[in-house]
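Enquirer: What follows is a single structure, and I will ask about it in a moment.
The values are calculated or read from the model by the stated rules, or taken from the named source; none is laboratory data. Keep in mind that this is a model prediction, so the values were computed, not measured. When we count neighbours, we look across all protein chains shown, and the Cβ atoms used for this are built from the backbone with ideal geometry, even at glycine. Note: accessible area is taken over every heavy atom of the protein model, side chains too, but ligands, DNA and RNA are not part of it. Shrake-Rupley method; radii C 1.70, N 1.55, O 1.52, S 1.80 Å.
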Amino acid sequence: MTSWSCGWALSHRLPGLSAPLIFVYKNSSRADNFRIGIQRKKMRGASALALPSLLLVLTLSSSLCNVSASTKQDQVYIVYLGEHAGAKAEEAILDDHHTLLLSVKSSEEEARASLLYSYKHTLNGFAALLSQEEATKLSEKSEVVSAFRSEGRWAPHTTRSWQFLGFEEGVTNPPDGREWLPSLDKSSEDIIVGILDSGIWPESRSFSDQGLGPVPARWKGTCQGGDSFSSSSCNRKIIGARYYVKAYEAHYKGLNTTNAFRSPRDHDGHGTHTASTVAGRTVPGVSALGGFANGTASGGAPLARLAVYKVCWPIPGPNPNIENTCFEADMLAAMDDAVGDGVDVMSVSIGSSGAPLRFADDGIALGALHAAKRGVVVSCSGGNSGPKPATVSNLAPWMLTVAASSIDRAFHSPIKLGNGVMVMTVTPYQLPGNKPYPLVYAADAVVPGTAANVSNQCLPNSLSSDKVRGKIVVCLRGAGLRVEKGLEVKRAGGAAILLGNPAASGSEVPVDAHVLPGTAVAAADANTILSYIKSSSSPTAVLDPSRTVVDVRPSPVMAQFSSRGPNVLEPSILKPDITAPGLNILAAWSQASSPTKLDGDHRVVQYNIMSGTSMSCPHVSAAAVLVKAAHPDWSSAAIRSAIMTTATTNNAEGGPLMNGDGSVAGPMDYGSGHIRPKHALDPGLVYDASYQDYLLFACASAGSGSQLDPSFPCPARPPPPYQLNHPSVAVHGLNGSVTVHRTVTNVGSGEARYTVAVVEPAGVSVKVSPKRLSFARTGEKKAFRITMEAKAGSSVVRGQFVAGSYAWSDGGAHVVRSPIVVLVA
């Protein structure tokens, strides 16, 4: 599209009309010939004149309009400049950004109009509307690290969960988590958590400020008003709220406020859920639809303050409520503001789709880097694309990347098949009458023309009403949304849905608020049901009343949907870092959204059950709050280290953590292990790292693509990426021997002595030197070496990762464990 501007066009009025006009244009075959549709814009208080649209064809010379040579529509680009060079006033930073834009724009007015965001608090950069040619010119300038498109490839990825973590910490029978949650200490009132998500429903009881003290004096944020949201929507719990929509609107040409609030208010539910999981207040008598998970809801840090940054908005389409998208330019502006506002922890349950971006082109990675420099811990979801390997996202070492696992709670509803066999399932409510209902397999009840490979999927308009009316329909997971399959069964007149797991999901059963009596079954049980249907001429089933069951064993179990390693961007950094509860998590919900988000679902709930790494991420964010409250002077790297090195690789019974398909899990599934927040408060030793350490890492990392700060020149031969002082060790392509260097800092109370224990990866020799570390005081640092060598004659398969670990122990309360992952060349 030809880019142009005419000063008169925005204010021109036709004689006899008092209302302004909107000018809509498109270029014709000649660059100076514009077809302009003129429509009257109805103004508040103006008379409603029924004027037809006027169509004028104006031939304009280039002297009247500023016509650029661009032949493509401008897009939003992020121009990243690294760190600010010394202290500068915000106005001076803005002037610098305008000057750079003016170097590629034809006028100062055009340069200023193109600027969407000026990043001024932490990182140096801006977001602007640019052509590809203009972005390329800017990227060639010496002061520019990168210029990349801001795309909508990013998207958002409890009662019992915190009690279960308390059980794992060794607290017996904690009725509501109070015996162990250190967050009930008043010190966490001074910690501020920034939530990047879809906004918040401020009226939820989880966000009450009753009993909280004044807002911390260091807070610099604001409560931004908008649709159904005013400054009074904030309180001493939600101390700040902002929204960011410029990049979204630049892409979609506006926001449909039928499906979204132009304000921090949450229309989706996802943001409200994650915020209450981090820092929701203690609320008794809470349950999901159908009475599931009844109990006391609480976030992990119920006294911490919340700062809300709404960056995710509905994707336009037939059902915009189903999925949100989040643009990097908006997210980076939010992260920049969050650090400037004074947050201590940032929780980002958002990840990218498609191939991972290099760090210099990754808005979340850049925002997290500069946040970490200022002591802010950034926790990110790892993604829901498992169990396929190499699917984990958010891959930078300066952020916590979180996998998802189960808790010890299940929802049982026995199904009695007509042959007497009992199958355990999950259902939010019952079929009437407690009587047998006919049972039918979806593949046997589809309309003609349904593709054979999806005939069992219960996709929209696939079922024949004549064949399913009044029956329980067995559908299989796969294509389409789980709750949408239930909607299809209801449309066709079915009485209930039985949703069977595929083999890859094993026994992992998510709870869904189906629009009709619905239940989910494990893969093995689905096969049992299908075998019965095949063997019977008139199959039936009875759904018994459901109940909530706790202390389920084994637990935790790694969720099959949780994205797995290795880190495809930088294999020398193990990802994910940690796992936390993310399956069937109950938390607060937006009352503008139904529990399924489907257009046909008009139910309203205050709390909802969801699954995903979006749910596990805020658990880790809450743990970071607790550590920050206990150790306010620790760096973000030290806090991340404390959380990782105190994690466990065992389940509650003492056995190894398992995957949902029954296999033994490993570091590619859970990173360092399952989170233990109380242990993280007293880790004994930490692995610290600075902003300069990360820049040096980036100099050698294939994932960076360039230096990340022009003020930090890369050495001619930077150390390899695995030499970053990180709490885990990953060596990619071991050929011969490799020596990895690490340094630990004593954060215990004074004098301490530690001894190392090693579990060698299969076929790899691991030697740690020295084997003992002695510390005379708190804060003292000690260095050591880890030498790895492929064993001669080993049967280890080349090109496959093998895992081990090393752990420093003081013989008492402190065991500082680090996973080792090696790929032998």
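Enquirer: For the stretch 537-632, give the magnitude of the charge dipole about the Cα centre (Cβ charges: +1 Lys/Arg, -1 Asp/Glu; no others), in debye to the nearest 20.
Expert: 120 debye
Enquirer: Also: Which percent of the accessible heavy-atom area of the stretch 725-824 goes to carbon and sulfur, probe 1.4 angstrom?
Expert: Summing carbon and sulfur atoms, their accessible area is 48 percent of the total for the stretch 725-824.
Enquirer: Hey, another quick one. With every protein chain left in place, what is the accessible area of HIS602 in Å² (1.4 Å probe, nearest 10)?
Expert: Roll a 1.4 Å probe over it and HIS602 shows about 150 Å².
Enquirer: Identify, among PRO438, GLY506, ASN453, the residue whose Cα sits farthest towards the positive end of the charge dipole of the stretch 410-546, taking +1 on the Cβ of Lys and Arg and -1 on the Cβ of Asp and Glu, with the dipole about the Cα centre.
Expert: Selected residue: PRO438.
Enquirer: Enumerate the amide H contacts of GLY269 below 5 Å, restricted to partners 5 or more residues apart or on another chain; note that Pro and chain-start residues carry no placed amide H.
Expert: SER590
Enquirer: Can you give the charge dipole size of the stretch 75-149 about its Cα centre, rounded to the nearest 20 debye, using +1 on the beta carbon of Lys and Arg and -1 on the beta carbon of Asp and Glu?
Expert: Once rounded to the nearest 20, the dipole reads 200 debye.
Enquirer: While we're on this one: Solvent-accessible area per residue for the stretch 725-824 at a 1.4 Å probe radius, Å²?
Expert: 46 Å²
Enquirer: Then there's this: So what's the net charge close to GLY660: Lys and Arg +1, Asp and Glu -1, counting the other residues with Cβ under 11 Å from its Cβ?
Expert: Local charge sum for GLY660: -3.
Enquirer: Okay, moving on. Spin-label point model (7 Å from Cα, Cβ direction): what's the SER353 to ASN453 distance in nm?
Expert: Placing both labels 7 Å along Cα→Cβ, they lie 1.9 nm apart.
Enquirer: Further question on the same structure: Hand me the trypsin sites (Lys or Arg not before Pro) from the stretch 106-142 located in a DSSP loop with no more than 16 other Cβ atoms within 10 Å, in residue order please.
Expert: When the trypsin sites (Lys or Arg not before Pro) of the stretch 106-142 are filtered for loop state and at most 16 Cβ neighbours within 10 Å, LYS141 remain.
Enquirer: Which whole number of Å³ per residue matches the convex hull of the alpha-carbon atoms in the stretch 725-824?
Expert: Taking the convex hull of the Cα positions in the stretch 725-824, it is 85 Å³ per residue.
Enquirer: In terms of Cα to Cα distance under 14 Å, which aspartates and glutamates are near enough to LYS220, apart from those fewer than 8 places away along the same chain?
Expert: Cross-link targets: ASP190, ASP336, ASP337, ASP341, ASP344.
Enquirer: If you roll a 1.4 Å probe over the stretch 356-421 with all protein chains in place, what percent of the accessible area is carbon or sulfur?
Expert: About 51 percent, which is the carbon plus sulfur part of the accessible surface.
Enquirer: How big is the Rg/Rh ratio for the stretch 670-742, C-alpha atoms only, Rh by Kirkwood, two decimals?
Expert: Result: Rg/Rh = 1.03.
Enquirer: Which lysines, if any, have their Cα less than 17 Å from the Cα of LYS435, not counting same-chain residues under 8 positions apart?
Expert: Cross-link targets: LYS416, LYS471.
Enquirer: In Å², what does the accessible area per residue of the stretch 410-546 work out to with a 1.4 Å probe?
Expert: Accessible area per residue: 40 Å².
Enquirer: Give, in whole angstrom and from largest to smallest, the semi-axes √(5λ) of the equivalent ellipsoid of the stretch 75-149, with λ running over the eigenvalues of the Cα gyration tensor.
Expert: After scaling each eigenvalue by five and taking roots: 18, 14, 10 Å.
Enquirer: Quick one: Cα centre-to-centre distance for the stretch 805-825 and the stretch 453-513, in angstrom?
Expert: 45 Å
Enquirer: Now, a different point. Which lysines, on any chain, are close to LYS575 with Cα under 16 Å apart, when same-chain ones fewer than 8 places away are left out?
Expert: LYS575 reaches LYS388.
Enquirer: Could I ask something else about it? Excluding ASP266 itself, calculate the net charge of residues whose Cβ lies under 9 Å from the Cβ of ASP266, where each Lys or Arg counts +1 and each Asp or Glu counts -1.
Expert: Counting the neighbours of ASP266, the net charge comes to 0.
Enquirer: Tell me the trypsin sites (Lys or Arg not before Pro) within the stretch 728-825 that lie in a loop according to DSSP and have at most 16 other beta-carbon atoms within 10 Å.
Expert: Those that pass, being in a loop and sparsely packed, are LYS771, ARG777, LYS791, ARG798.
Enquirer: Based on the alpha carbons, how large is the Rg to Rh ratio for the stretch 354-411 when Rh follows Kirkwood?
Expert: Across the stretch 354-411, the Cα-based Rg/Rh ratio is 1.07.
Enquirer: Using the structure shown, list the pairs from LYS105/LYS246; LYS120/LYS310; LYS237/LYS485 with a Cα-Cα distance above 28 Å, or answer none.
Expert: Beyond 28 Å between Cα atoms: LYS237/LYS485.
Enquirer: Could you tell me the relative contact order of the stretch 202-300? Use alpha-carbon pairs under 8 Å, at least six residues apart, and round to a whole percent.
Expert: This gives 26 percent for the stretch 202-300.
Enquirer: In nm, what is the difference between 0.36 nm times the number of residues separating SER794 and ALA716 and their Cα-Cα distance?
Expert: Residue separation times 0.36 nm, minus the Cα-Cα distance, leaves 24.5 nm.
Enquirer: Which one of THR745, VAL816, ALA762 is farthest out on the positive end of the charge dipole of the stretch 725-824, using unit charges on Cβ (Lys, Arg +1; Asp, Glu -1) and the Cα centre as origin?
Expert: Toward the positive end, the furthest listed residue is THR745.
Enquirer: While we're looking at this one, here's another question. Accessible area per residue, 1.4 Å probe, Å², for the stretch 75-149: what's the number?
Expert: With the other protein chains kept in place, the stretch 75-149 gives 45 Å² per residue.
Enquirer: Only loop residues by DSSP count here, and only those with at most 12 other Cβ atoms within 10 Å; note down the trypsin sites (Lys or Arg not before Pro) in the stretch 574-679 that meet that.
Expert: When the trypsin sites (Lys or Arg not before Pro) of the stretch 574-679 are filtered for loop state and at most 12 Cβ neighbours within 10 Å, ARG603 remain.
Enquirer: For the stretch 75-149, which whole-number percentage of the solvent-accessible area (1.4 Å probe, protein heavy atoms only) is attributable to carbon and sulfur atoms?
Expert: 47 percent
Enquirer: When only C-alpha pairs under 8 Å and at least 6 residues apart count, what is the relative contact order of the stretch 410-546, in percent?
Expert: 34 percent
Enquirer: Next up: Along the charge dipole of the stretch 545-686, which of ILE585, ALA680, ALA638 sits closest to the positive end, that is, farthest toward it, with unit charges on the beta carbon of Lys, Arg, Asp and Glu (+1, +1, -1, -1)?
Expert: ILE585
Enquirer: For the stretch 429-510, what relative contact order do you get, as a whole percent, if you take Cα pairs closer than 8 Å and at least 6 residues apart?
Expert: Relative CO of the stretch 429-510 lands at 28 percent.
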